[in-house]
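Asker: Structure incoming, see below.
The values are calculated or read from the model by the stated rules, or taken from the named source; none is laboratory data. This one's a predicted model, so the numbers in the text were calculated from it and none came from an experiment. Cβ coordinates were reconstructed from backbone atoms using ideal geometry, including for glycine residues, and neighbour counts include every protein chain displayed. When the accessible area is computed, the model is the full protein with side chains, heavy atoms only, and any ligands, DNA or RNA have been set aside. Shrake-Rupley method; radii C 1.70, N 1.55, O 1.52, S 1.80 Å.
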Amino acid sequence: MRLAPWLAILLIAVLSLTPSEWRPYASHSILTERFVTYFLAALILTIRFPRPAAGIEIAAWLSIYSGTLEIIQLLIPGHFGRYGDFVMSSLGALCGVAFGLLATIWWEHWHVQPAESVSEHFETPGSAEDVAHTRL
């Protein structure tokens, strides 16, 4: 799980900068692909670094990363850096961070460790067994 966030970021660069004939395409629009890609990367990063301050940094750095890749695409023949792609990528990163933080909070709040045993959970110093022994 430690390498997953960094592999996701590397995969984004590879898919963004490779020739378009080599890239796999989903049946959805390119804007949807950008949103989902950055959403998943931000989600993985946020789960890996689950602090609100880290979430803000993750969203900011992924937005900067997206903008940088769009600018680099202007220098590559056959590629187009588009403002709409940058906006959808940044929005995907922001939503991924928000969802990741909410999922982390939910997990920490509702994930209850199982009790070691039921008898340990209900035993008290004044249990029925203690009362029975004191009466004899």
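Asker: Can you tell me which residues in the stretch 49-61 are open to solvent by 80 Å² or more (accessible area, probe 1.4 Å) and assigned to a helix (DSSP H, G or I)?
Answerer: 52, 56, 57, 61 - these are the residues of the stretch 49-61 that are open to solvent by 80 Å² or more (accessible area, probe 1.4 Å) and assigned to a helix (DSSP H, G or I).
Asker: Can you work out which of the residues in the stretch 41-89 that are hydroxyl-bearing (Ser, Thr, Tyr) and closer than 17 Å to residue 15 by Cβ is nearest to the chain's Cα centre (by Cα)?
Answerer: 89
Asker: Show the residue pairs meeting these rules: Cβ distance below 8 Å; 6+ apart or different chains; first residue within the stretch 16-42 and in a helix (DSSP H, G or I); second residue of a type in the set (Phe, Trp, Tyr) and at pLDDT below 80.
Answerer: 33/25
Asker: Report yes if residue 74 is open to solvent by 90 Å² or more (accessible area, probe 1.4 Å) and in contact with a helix residue (DSSP H, G or I) (Cβ under 6 Å, 6 or more places away or on another chain), otherwise no. Let's see the steps before the verdict.
Answerer: Values: open to solvent by 90 Å² or more (accessible area, probe 1.4 Å): yes; in contact with a helix residue (DSSP H, G or I) (Cβ under 6 Å, 6 or more places away or on another chain): no.
So residue 74 fails the test.
Asker: Residue check: is residue 64 assigned to a helix (DSSP H, G or I), open to solvent by 80 Å² or more (accessible area, probe 1.4 Å), more than 22 Å from residue 50 (Cβ to Cβ) and free of Cβ contacts under 8 Å to residues at least 12 places away in the same chain?
Answerer: Answer is no for this residue.
Asker: Which of the residues that make up the stretch 71-107 are farther than 18 Å from residue 5 by Cβ and either touching a residue at least 40 places away in the same chain (Cβ under 8 Å) or of a type in the set (Val, Ile, Thr) (or both)?
Answerer: Across the stretch 71-107, the qualifying residues are 71, 72, 73, 76, 78, 79, 84, 85, 87, 88, 91, 105.
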